[in-house]
Structures are given as C-alpha cells and as structure tokens.
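The values are calculated or read from the model by the stated rules, or taken from the named source; none is laboratory data. Since we're looking at a predicted model, the values are computed, not measured. Ideal geometry is used to build each Cβ from the backbone, glycine not excepted, and the neighbour counts take in all protein chains shown. For the accessible areas, the whole protein counts, side chains as well, though only heavy atoms, and no ligand, DNA or RNA atoms are used. Shrake-Rupley method; radii C 1.70, N 1.55, O 1.52, S 1.80 Å.
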Amino acid sequence: MVRQVHVQAEQGFDQWLRSHRQESYATLLSASDAVYDALNTVIGHSVTQPQPDEQSAAWRAVNTALREVDRADRTVWTVGPPRVARAGLAMRHALAELVDVWRAPGSLAHDQRAIAHATAKDQWGEATAHLLEQVEQVIQTFDEDQPG
C-alpha cells in the first residue's frame, strides 16, 4: 500500500511537471513570436517614416515583448531540463540579434540591413527549431514513461 501511494505521488508529480514544462515552453515560443510581430511594425516604419511618437510606441512594444521573452525564459530555466533551457537561451539570443539589426537606424545601408536581417532571422529560425526538437524529446520522454 505504501508503494502504491509512492507510485501515485510520483505520477502526480510527473503530470504536474509535464504540464508546467509544456506551459512554459509554449509561453516562451509565443512571447518570441510577439517580439517578431512587434518588430515588423518597426520594420514597416523604416519604409513609411512615421511620426516620432509612433516609432517610440513601436519600440516600446518590441521592448515589452522582449521582457516577456526574458520572463518566459526564466520559467523554462526553472522547470528545465537544462538542455531545453539552454536551447531557449540560444533562441532568445538569436532573437535579440534580430532586433539589434533594427536598433541603430543609420548604422547600416539598406542592402546591408536586409542581408543582416535575413541572416539573423535564419539564425533565430534555426535556434527555434532546435528548441522545438529539445521540447519534443522531453515531452516524448514523459509520454513513454506513462503506463499504457
């Protein structure tokens, strides 16, 4: 009977951990997408030459979304495992590099910025794909451990 209670407790914890991990991973990915969506507004402004207050508002949205990525990434570090957390950190850094392409308005010529954007976007995409691979492996491990 004691063993059965112990097994049930372990299964309950595993379900709790799986749920929290899934939620934290989904939040990180969603927050990452929100940064890119907000950045698209900034990119659009590079063509339309908006009023300064519109540009400031667009950057505030990017910065707010980046803070959400940081919060989500800390949660991923908390629930782990470390390999997913490292992949999340790499994705976050790649996303920051993409944002940085647009931070200094006059630092790059239009063609150079387009190339830097494409390169950074590819790196972010690769880092995101790697994170998803790690997440899939972790979730699959939970699924395989369930009695069936």
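Can you tell me which of (1) open to solvent by 90 Å² or more (accessible area, probe 1.4 Å); (2) at pLDDT 80 or above; (3) not small (Gly, Ala, Ser) is the one Gln4 doesn't meet? Failing condition for Gln4: (2). Could you check, for segment 100-117, whether at least one of its residues is at pLDDT 95 or above, in a helix (DSSP H, G or I) and of a type in the set (A, V, I, L, M)? No, segment 100-117 has no match at all. Sub-7 Å Cβ pairs linking a first residue in segment 115-131 that is buried (at least 17 other Cβ atoms within 10 Å of the Cβ) to a second residue that is outside any helix (DSSP H, G or I), at least 6 apart or interchain, are Ala116/Val101; Ala116/Leu108; Ala120/Val101, ordered by first then second residue. At pLDDT below 90, assigned to a helix (DSSP H, G or I), over 19 Å from Trp124 (Cβ atoms) and open to solvent by 70 Å² or more (accessible area, probe 1.4 Å): does that describe Glu23? Considered against the rule, which asks whether it is at pLDDT below 90, assigned to a helix (DSSP H, G or I), over 19 Å from Trp124 (Cβ atoms) and open to solvent by 70 Å² or more (accessible area, probe 1.4 Å), Glu23 comes out as no. Contact map, segment 46-58: residues that are at pLDDT below 90 and open to solvent by less than 100 Å² (accessible area, probe 1.4 Å) paired with residues that are outside any helix (DSSP H, G or I) and not β-branched (Val, Ile, Thr), Cβ distance under 8 Å, separation 6+ or inter-chain. Pairs shown: Ser46/Trp102; Ser46/Pro105. Pick from segment 81-109 the residues that are basic (Lys, Arg) and closer than 21 Å to Asp37 by Cβ: which of them is surrounded by the most Cβ atoms within 10 Å (Cβ to Cβ)? So the residue we want is Arg92.
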